[in-house]
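The values are calculated or read from the model by the stated rules, or taken from the named source; none is laboratory data. Keep in mind the model is a prediction, meaning the values are calculated, not measured. Here the Cβ is made from the backbone with ideal geometry for all residues, glycine too, and neighbour counts use every protein chain on show. For the accessible areas, the whole protein counts, side chains as well, though only heavy atoms, and no ligand, DNA or RNA atoms are used. Shrake-Rupley method; radii C 1.70, N 1.55, O 1.52, S 1.80 Å.
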Amino acid sequence: NDAYNAKNFASLRDPLGIVASAKYNGADATKWALNAKGGILGANLNLYALDYDGKAGWVGRATYPLPMDFTVGLVGAYTSLTNTDVVKDDLTFGADVVGKVPGLDATLTLAGAGYWAKTDAWKFEGPVDNVAFLAKISDLKLGPVTAWASYTGGGSNFWPHYKSTAAAVILNQYAGSAAAGLGITAELPVGIPATLTLGDTLWMGYPTDTKWNETTGKVVVTPMENLDVTVSGAYKADLDDADAKDYKGYK
């Protein structure tokens, strides 16, 4: 599973992406993974043991149903790096709660995780800025519009071994940054199907140093069946005078 394999073993039905993220880096590298998944005592479990290129890992997720259509998830990864230069054990652990808010018909997502390095037999210590988090409410119906709001952050020392390398993945989008955002979507009364989406996001260096504010807009018009016409754009305002980089601009 080297970096040039576009399929990344998709046929293995690898829902946590563990095999896809463990890249093959040499002809003599040890490379195997064992996955077990199923339901036990009402919980859905997905567990991995793996050994790739001097990295041994035990990774798992448990998802439990809660009342009112909520779920709680627990995810953890214990990793041992044992090559010739480094002997290092560390732990990533997180939890999330997802469900519909009673009376609002909106979806609530709360998620957080942290990273700790092993310093003694039973002792783990976390560096500064070792957490990542997400708080989001979406699908909120407010009369003719649907709204969402979120606050997301990823500490510069939060280091998950098994995250995807895709740029669109949330752990890559918000690495070393925090962002507060909101947006709305509404149908336009123009005689043909048309949808307007407006959003605004304040970006910060983790956790609070302001960087820029980005306002986005998108209109999708469907003049005939199976044909969508999309016009979108954004304006970014630079809020960091001390930074030599100019973030201002249109797209």
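GNM remark for the chain: springs join alpha carbons under 10 Å apart, and the peak mean-square fluctuation among Val131, Val101, Val229 falls on Val229. Where the alpha-carbon atoms of segment 71-172 are placed on the principal axes, they occupy 61, 29, 21 Å, in descending order.
Taking every protein chain into account, the accessible area of the chain amounts to 61 square angstrom per residue (probe 1.4 Å).
Here the dipole of segment 114-167 is about 140 debye; that uses its Cα centre as origin and unit charges on the Cβ of Lys and Arg (positive) and Asp and Glu (negative).
Of all lysines in the structure, those lying under 24 Å Cα to Cα from Lys218, and not within fewer than 8 positions of it along the same chain, are Lys136, Lys141, Lys236, Lys248, Lys251.
Extending 7 Å from the Cα toward the beta-carbon at both Tyr235 and Asp200 defines two label points whose distance is 1.1 nm.
GNM on the chain, C-alpha springs below 10 Å: top fluctuator among Ala36, Ala175, Ala95? Largest GNM mean-square fluctuation: Ala36. Residues Glu125, Glu225, Glu187, Glu214, ordered by accessible area of protein heavy atoms at a 1.4 angstrom probe radius and largest first, appear as Glu225, Glu187, Glu125, Glu214. Can you tell which of Leu142, Gly39, Val101 lies farthest toward the positive end of the dipole of the chain, using +1 and -1 charges on the Cβ of basic and acidic side chains (Lys, Arg; Asp, Glu)? Value computed over the given set: Gly39.
Taking amide H positions as modeled 1.01 Å from N, with prolines and chain starts lacking one, the residues under 5 Å from Gly54 and 5 or more places away or on another chain are Thr30.
Calculated from the alpha-carbon coordinates, segment 27-136 shows an Rg and a Dmax of 17.3, 58 Å respectively. For Leu239, nonlocal amide neighbours, meaning residues 5 or more places apart or on other chains whose placed amide H falls under 5 Å from its own, are Trp212, Asn213.
In order along segment 235-248, the phi-based Karplus estimate (6.51 cos²θ - 1.76 cosθ + 1.60, θ = phi - 60°) of 3J(HN,Hα) comes to 10, 10, 9, 7, 10, 10, 5, 6, 7, 5, 7, 9, 8, 5 Hz; Gly and Pro are listed as x.
Using the rule -39500 (n - 2.57) for each DSSP H run of four or more residues, divided by the residues of the chain, the 222 nm mean residue ellipticity is -500 deg cm²/dmol.
Under a 5 Å amide H cut-off, with hydrogens placed 1.01 Å from N, Tyr206 pairs with Ser177, Ala178 among residues at least 5 apart or on other chains.
Of the solvent-accessible surface of segment 78-151, computed with a 1.4 Å probe over protein heavy atoms with every protein chain present, carbon and sulfur atoms account for 65 percent. Seen from a random direction on average, the alpha-carbon convex hull of the chain projects onto 18.9 square nanometres.
Using a Gaussian network model on the chain with a 10 Å cutoff between Cα atoms, which of Asn226, Asn213, Asn130 fluctuates the most? Fluctuation is largest for Asn226.
Remark: the chain carries a charge dipole of roughly 480 debye about the Cα centre, counting +1 on each Lys and Arg Cβ and -1 on each Asp and Glu Cβ. The order of Asp228, Asp240, Asp139 by accessible area, most exposed first and with a 1.4 Å probe, is Asp228, Asp139, Asp240.
Given +1 on the Cβ of Lys and Arg, -1 on the Cβ of Asp and Glu, and no further charges, what dipole in debye does segment 41-107 carry about its Cα centre, rounded to the nearest 20?
140
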